[in-house]
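K.L.:
One structure coming up, written as structure tokens, with questions to follow.
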RNA sequence: GGGAUUGUAGUCUAGCUUGGUAUGAUACUAGUCUGGGGGACUAGUGGUCGCAGGUUCAAAUCCUGCCAAUCCCA
């Protein structure tokens, strides 16, 4: 392997797909498992997931949601209870057909999602209005067979996610819950991962199979494709009826409940890699970085080493006392230059270099990963590191927002739409609301309706396809 | 769903056409010198050539099937 091969060998602009795969593997976030479509999450990758999990758990708890755990196997008879839902998932379900050598009569699905199982349980647990609302979240994995074109984090046959399932006495309360969750998702993604999202509804065609409607948050990736970042569904009574999730109200009349379900997956990690990474590798937002600050000590001899290392230890202790995640790279066999490149590949937000020159000047060199700027910081200014990290976090979001704006195009003319779609991007195109136009556009441009943003209702324009009166201005894009 | 390409040490790779027991680099281990943007030298370790069959005196190489990966187009 040549020196260049240690790092990422292709440019993000020239070969985006290859670049992405190399970053995932070389930054050691994940590796391929021996089975098609499955990956192994390595500690740095899992740490990012844990960070998201912690943030979401706190917000869920504040909203009265508690965690539970569901088994992975669902009998076919249960999965088939809501017919549209089953038809939607069936092509990608893995089945367990045998226990040892015995064939299983009612074969078992490896959960593609847990609505059917959760609601079977819910119907047992809920009898009275006093049992509601019931709000449980499950951290688990889901399995959906991907026949082709798998990609770490973005499309894998098994993925880590959380699925929340709530039950309410009224439609209004359930719909409020749907929106509350979407808001939590949006804030988490923007504040933690520094990725801007657009929220709104999915079209009838693109909604979750079995839902009354689906709300979603979508982001634009640097290659111009859209990525679904998370969804929150209003299920109405579509599941409560077949699964008999009922309650007796205060007047002792039995009603079907109103339900929601919602989820985000490790796909968010994929989005973060794509949005922030560069030709030198991964770039992590400080909030989710397993290591926020790495210190590289530099010395020429044993005496210098002693002086430098004692200063480094002092700084490390100092930073740790402020809850900053810091690592000292004291590997003696590697040169400083190698370490710089290594930590940049891994995306550590801030690097501190301390050598004999710095000791003399009573200052250290700090290098920001996201813009690769180097500057000097006095030893007495160590308290500033925390605010520097905050500033990095904010600037990363700002930069991403700018790029997203540049890639968003208002469309009034269909010819313009067709000519620009090859370059990718989010296309704000007025739409009459008819499935026919949606399908035609998909057929002719490859773009589908990613999201109908809240507040985009508009009847003063003409449908980009059929020229009839518009209903809304959805975002059309080619998706992942 | 359609197409193209690939699999040899932790990693990258030569060898394959024309069958004869695997090349080089890097990484790893030990040591010496080094150290502010991917260091140098010396000596070592590391391989069921993706898996399973077949052909053959002999298979990384030829044949068949399978598994896995990458990219492009629906």
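Bear in mind these aren't lab numbers, they're just calculated from the coordinates by the rules spelled out. Note that the structure is predicted; figures quoted are calculated from it, not measured. Using ideal geometry, Cβ is built from the backbone for each residue, glycine included, and neighbour counts are taken over all protein chains shown.
K.L.:
Just grab the label-to-label distance for residue A:383 and residue A:38, each label 7 Å out from Cα along the Cβ direction, in nm (one decimal).
P.N.:
So the two model labels end up 5.3 nm from each other.
K.L.:
Which value results when the Cα radius of gyration for chain A is divided by 2.2 N^0.38 Å?
P.N.:
Compared with the compact-globule rule of thumb, chain A sits at 1.11.
K.L.:
Provide the FRET efficiency to the nearest 0.05 for the residue A:47-residue A:106 pair, computing r from the beta carbons and using R0 = 60 Å.
P.N.:
E between residue A:47 and residue A:106, to the nearest 0.05, is 0.90.
K.L.:
Tell me the angle of helix A:385-406 to the major Cα principal axis of chain A, expressed in degrees between 0 and 90 and rounded to the nearest ten.
P.N.:
Approximately 50 degrees, to the nearest ten.
K.L.:
I need the peptides A:335-345, A:199-209 ranked by packing, meaning the mean over residues of other C-beta atoms within 10 angstrom, with the highest value on top.
P.N.:
The densest-packed peptide leads the list: A:199-209, A:335-345.
K.L.:
Now for a separate question. By counting other Cβ atoms within 10 Å of each Cβ, how are A:231, A:408 ranked from fewest to most?
P.N.:
Ascending number of Cβ neighbours within 10 Å: A:408, A:231.
K.L.:
Give me the angle, in degrees from 0 to 90, between the Cα long axis of helix A:267-276 and the longest principal axis of the Cα atoms of chain A, rounded to the nearest 10.
P.N.:
Relative to chain A, helix A:267-276 is tipped by roughly 40 degrees.
K.L.:
Between residue A:327 and residue A:253, how high is the FRET efficiency from 1/(1 + (r/R0)^6) when r is the Cβ-Cβ distance and R₀ = 56 Å? Nearest 0.05.
P.N.:
The formula returns an efficiency of 0.35 here.
K.L.:
Something else about it: Compute the Kirkwood hydrodynamic radius of the range A:3-276, taking the inverse of the mean of 1/r over all pairs of distinct Cα atoms, and give it in Å to one decimal.
P.N.:
Result for the range A:3-276 stands at 19.9 Å.
K.L.:
Still on this structure: Using a simple spin-label model with points 7 Å from Cα along the Cα→Cβ vector, what separation in nm is obtained for residue A:241 and residue A:173?
P.N.:
For the pair residue A:241/residue A:173, the computed spacing is 2.2 nm.
K.L.:
A follow-up question, please. Just order A:433-439, A:269-275 by mean Cβ neighbour count inside 10 Å, highest at the front, would you?
P.N.:
A:269-275, A:433-439
K.L.:
Which whole-number percent is the relative contact order of chain A (Cα, under 8 Å, 6+ apart)?
P.N.:
It rounds to 14 percent for chain A.
K.L.:
So what is the relative contact order of the range A:408-477, in percent, for Cα pairs below 8 Å that sit 6 or more residues apart?
P.N.:
Over the range A:408-477, the number comes to 40 percent.
K.L.:
Report the semi-axes of the equivalent ellipsoid for the range A:73-141 in whole Å, largest first, where each axis is √(5λ) for an eigenvalue λ of the Cα gyration tensor.
P.N.:
Square roots of five times the eigenvalues give 26, 14, 12 Å.
K.L.:
Let me ask something else. Taking the inverse of the average 1/r across all pairs of different Cα atoms in the range A:408-477, what Kirkwood radius in Å do you get?
P.N.:
11.6
K.L.:
Could I ask something else about it? Rounded to the nearest 5, what % of the DSSP beta bridges within chain A are antiparallel ones?
P.N.:
Close to 80 percent.
K.L.:
Ranked highest first by average number of other Cβ atoms within 10 Å, how do A:62-73, A:365-376 line up?
P.N.:
Details: A:62-73: 13.2, A:365-376: 15.5.
Ranked by mean Cβ neighbours within 10 Å, highest first: A:365-376, A:62-73.
K.L.:
What is the Cα radius of gyration of the range A:90-226 over 2.2 N^0.38 Å, N being its residue count?
P.N.:
1.26
K.L.:
When the helix-only estimate is applied to chain A (DSSP H runs of n ≥ 4, each -39,500 (n - 2.57), divided by the residue count), what is the mean residue ellipticity at 222 nm, nearest 500 deg cm²/dmol?
P.N.:
-10500 deg cm²/dmol
K.L.:
Between helix A:336-345 and chain A, what is the angle of the helix's C-alpha long axis to the longest principal axis, kept within 0 to 90° and rounded to the nearest 10?
P.N.:
The helix A:336-345 is inclined about 10 degrees to chain A.
K.L.:
OK, next. Multiplying the sequence separation of residue A:372 and residue A:419 by 0.36 nm and subtracting their Cα-Cα distance, what value in nm do you get? Intermediate values should be presented prior to the final figure.
P.N.:
On the way: separation 47, 0.36 × 47 = 16.92 nm, distance 3.63 nm.
Here the answer is 13.3 nm.
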